[in-house]
Structures are given as C-alpha cells and as structure tokens.
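Colleague: Got a structure for you, written out below as structure tokens; questions coming shortly.
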Amino acid sequence: MLEPVPGAAARESEKRLSQTWRGFGANECGAYSPLYAAICRSVADDPDLLALAAAAPPSGQQPNVLLAAVHYLVLGGLAHPLAEIYAGRADPGPAPVLFRDVCLAHRATVSRILATRHTQTNEPGRAALLAVGLAAAADRLGEPVGLLDAGCSAGLNLLLDRYRFDYGPAGHLGPPGSPVEISCALRGAPAPARLPVIAARLGLDRVPVDVTQADDTRWLLACVWPDTGRLARTAAAIDLARRHPPPVRSGDMVTDLDAALGTFDPGLPVVVVTTSACWYLSVPQRQAFLAVLTRREIGR
C-alpha cells in the first residue's frame, strides 16, 4: 500500500487556492476593481502567500479575508507605500509586490486575522435596490410595514429611509441633503414617489458589527475594496448609524428567523430582505430560510 507523499495535502490545498484566487480576480474583481484583480492574479502564482492562506481555517481562506486583512493594517495607520495606493494617491502598478511585502513582513498579525475574522460586508449601495423593492411590497401589502434584514452585519441597510438615492432620469428618492448619497441606474419604470412608513425594523446577524466599537468598524471598512469609490460612502453610513442606531440582534438568519419575525406586531406586514448573506448559506439552509417565510406568509 502506498503511503501519502509528505506535503501532498498541503500542495493540493495550495493548488485549489490558486484556482480560487485566479477565479476570484477574474470573475469578482475584473474591471470593477482593477487593483484587487491584479493582486489576485499575483497571489494565485505565489507559493508563499498561498501557503499563508492555506494555513488558515476554511473561513479565513477566502480571498476576501486576506485582502481585508491587509486593508485592515493599512487603515490602522501602517506606514507602507501600499497605503498611498489604497488611498488613490499613487500608481497602482506596484500593488501586487507591495501587498506581498505587507503579508510577509506582518505574517504573524495577518495569520491571526485570518484565524479570527470572516468576511463582514455591509454595502449601503445595495439599499438602492432594497428601497425600490420595499416600495413595491408596500404597494401590495399596505402601510406601514416592518423591515427585517437577515444577515444584516451592522444594520446599515435598515437605515435606507435616511439615504438619498439618485436614479438618474428615473428620479430621486429619500431625504435631500442626506450624508449618504447613492447613485443607481433604474430601467423600465420611474423611481417610487416615496418610501413607505417603516413602523418597526430589526436586523439579524450571527455576529453583528457594533458601530460604536472602533475596531469593529475598522474591520467593516477593511472589507470594502479601496479602488471602487465605496469607502467614503460606507464610512458616512457608519457615522449615520452611530447617530441613529438600528436595532440589531444576534442570531442565525435561518434557525432564528422565525423568532425574530415573532418580535413584530402580529398585524404588521413585515418585509424580509437579505443581500449577500444568502451566498454563504448551503442549499438546505436556503430552502429552510424560504420555508420559514412561506409558512409565515400562509399563516397571515
């Protein structure tokens, strides 16, 4: 019987991660984030960085986590040329080499982040679509409505009625002068005349981000890709959430969903929204999530 070749499992893991990084750079970053696309291509061919990622728990092996780990160090005031690139003040060409340098020069810190952190995004830009959907739901259900964000992170999208949306020729929505302004193309129909009255709102997340904690918000911002123009908008949304804290509770978006819905007034129609959180659910979990909603809808 042949014995496994020493290191064979590690090499197979690094090969798999190489393919993951290459695909992530091409399919997720692409033209949207040329900076991260270039870094991903470089990491995919770098045995040292692949080994660093491979040593992390499964949740820390996602490209987003290593990318965020380095961004986290930069946002913490790291004195390194990469910081100038991330701030948009320097040529991004050397970014892959500089990214590698940060990872290896701060290997212990990066490894600790990979072992203890997971992707935590709360993109307020998604509220532009949620706002249109919420208005459509209220047209059918009536007003006021409840709003539950499953997998809410810091709950920033629960504040969508405090954001200003620019839908171009389709119109505008939300209070003028809001510190959070979001542009979005809306095709096929005009923007809703207004948002419905939200009588109650709640966010549900396994590990909610506390916007009053500097380290938590630094990690949330670290998960924002620096060359996409989203960083300042997310920071503005976080500041708004500090002044108007959205109600958020700890819980699983599948197994605790029914209990969370039970906190709303029984006569209040509740609109349940979720964004990228569903991507992390298995197929059975997604089916269970929908089953709760279906059961609640039938019971109304």
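The values are calculated or read from the model by the stated rules, or taken from the named source; none is laboratory data. Remember, predicted model here, so these are calculated numbers, not experimental data. Neighbour counts run over all protein chains shown; Cβ positions are idealised from the backbone, glycine included. What goes into the accessible areas is simple: the full protein's heavy atoms, side chains included, and nothing from ligands, DNA or RNA. Shrake-Rupley method; radii C 1.70, N 1.55, O 1.52, S 1.80 Å.
Colleague: Can you classify the chain as rounded, prolate or oblate using the Cα gyration tensor, where a ≥ b ≥ c are the square roots of its eigenvalues, rounded means a/c under 1.5, and otherwise it's prolate if a/b beats b/c and oblate if not?
Modeller: The shape class here is prolate.
Colleague: If you line up the long axis of helix 8-23 against the longest principal axis of the chain, both from Cα atoms, how many degrees apart are they, to the nearest 10?
Modeller: It is inclined by approximately 50 degrees.
Colleague: Let me ask something additional. Taking 0.36 nm per residue of separation and subtracting the Cα-Cα distance, what length does fully extending Tyr32 through Ala193 add?
Modeller: So the chain would gain 54.9 nm between Tyr32 and Ala193.
Colleague: With a ≥ b ≥ c taken as the square roots of the eigenvalues of the C-alpha gyration tensor of the range 166-300, please select rounded if a/c is under 1.5 and otherwise prolate if a/b is larger than b/c or oblate if it is not?
Modeller: oblate
Colleague: Could you check how much of the accessible area of the range 165-238 is carbon and sulfur, as a whole percent, using a 1.4 Å probe?
Modeller: Carbon and sulfur: 55 percent of the exposed surface of the range 165-238.
Colleague: Could you give the dipole magnitude of the chain about its Cα centre, charging the beta-carbon of Lys and Arg +1 and that of Asp and Glu -1, in debye to the nearest 20?
Modeller: The calculation lands at about 320 debye.
Colleague: Using 1/(1 + (r/R0)^6) with R0 = 30 angstrom and r between the beta carbons of Ala108 and Thr255, what's the FRET efficiency to the nearest 0.05?
Modeller: About 0.25, to the nearest 0.05.
Colleague: Indicate, rounded to the nearest 5 percent, the antiparallel portion of the DSSP beta bridges found entirely in the chain.
Modeller: That works out to approximately 10 percent antiparallel.
Colleague: Normalised by the number of residues in the range 1-140, what is the relative contact order in percent for Cα pairs under 8 Å and 6+ residues apart?
Modeller: 24 percent
Colleague: Going toward the positive end of the dipole of the range 241-295, with +1 on Lys and Arg Cβ and -1 on Asp and Glu Cβ, which of Ala277, Ala259, Pro246 do you reach last?
Modeller: Towards the positive end, the residue furthest out is Pro246.
Colleague: Gaussian network model of the chain, Cα springs within a sub-10 Å range: biggest mean-square fluctuation belongs to which of Gly146, Gly168, Gly155?
Modeller: Most flexible of the set in this elastic network: Gly168.
Colleague: Taking only protein heavy atoms and a 1.4 Å probe, what accessible area per residue, in Å², does the chain have with all protein chains in place?
Modeller: 49 Å²
Colleague: Let me ask something additional. I'd like to know which of Ala135, Asn122, Thr217 lies farthest towards the positive end of the charge dipole of the range 106-257, counting +1 on Cβ of Lys and Arg and -1 on Cβ of Asp and Glu.
Modeller: Positive-most Cα among the choices belongs to Thr217.
Colleague: Then there is this: Collect residues whose amide H, placed 1.01 Å from N in the peptide plane, falls under 5 Å from the amide H of Arg201; neighbours closer than 5 in sequence don't count.
Modeller: Under 5 Å from the amide H of Arg201 lie the amide H atoms of Leu147, each far enough along the sequence or on another chain.
Colleague: Thr228's amide H: which non-local residues (gap 5+, or another chain) put their own amide H closer than 5 Å, with H modeled 1.01 Å from N in plane and none for Pro or chain starts?
Modeller: Long-range HN contacts for Thr228: none found.
Colleague: Further, regarding this structure: I need to check one value: relative contact order of the chain, counting alpha carbon pairs closer than 8 Å and at least 6 residues apart, in percent.
Modeller: 18 percent
Colleague: Based on the mean of other Cβ atoms within 10 Å per residue, sort peptides 93-99, 183-189, 172-178 so the most packed one is first.
Modeller: Result, highest mean first: 93-99, 172-178, 183-189.
Colleague: Helix 231-243: angle to the longest alpha-carbon principal axis of the chain, degrees 0 to 90, nearest 10?
Modeller: Helix 231-243 and the main axis of the chain meet at about 50 degrees.
Colleague: Let me test this: with uniform point scatterers at the alpha carbons of the range 23-73, what is the Debye-based log₁₀ I(q)/I(0) at q = 0.21 1/Å?
Modeller: Treating every Cα as an identical point scatterer, log10 I(q)/I(0) equals -0.74.
Colleague: I need the phi-derived Karplus couplings for the range 106-118: 6.51 cos²θ - 1.76 cosθ + 1.60, θ = phi - 60°, integer Hz, Gly and Pro marked x.
Modeller: Karplus-based 3J(HN,Hα) across the range 106-118 equals 10, 4, 5, 5, 4, 4, 5, 5, 4, 7, 10, 10, 9 Hz.
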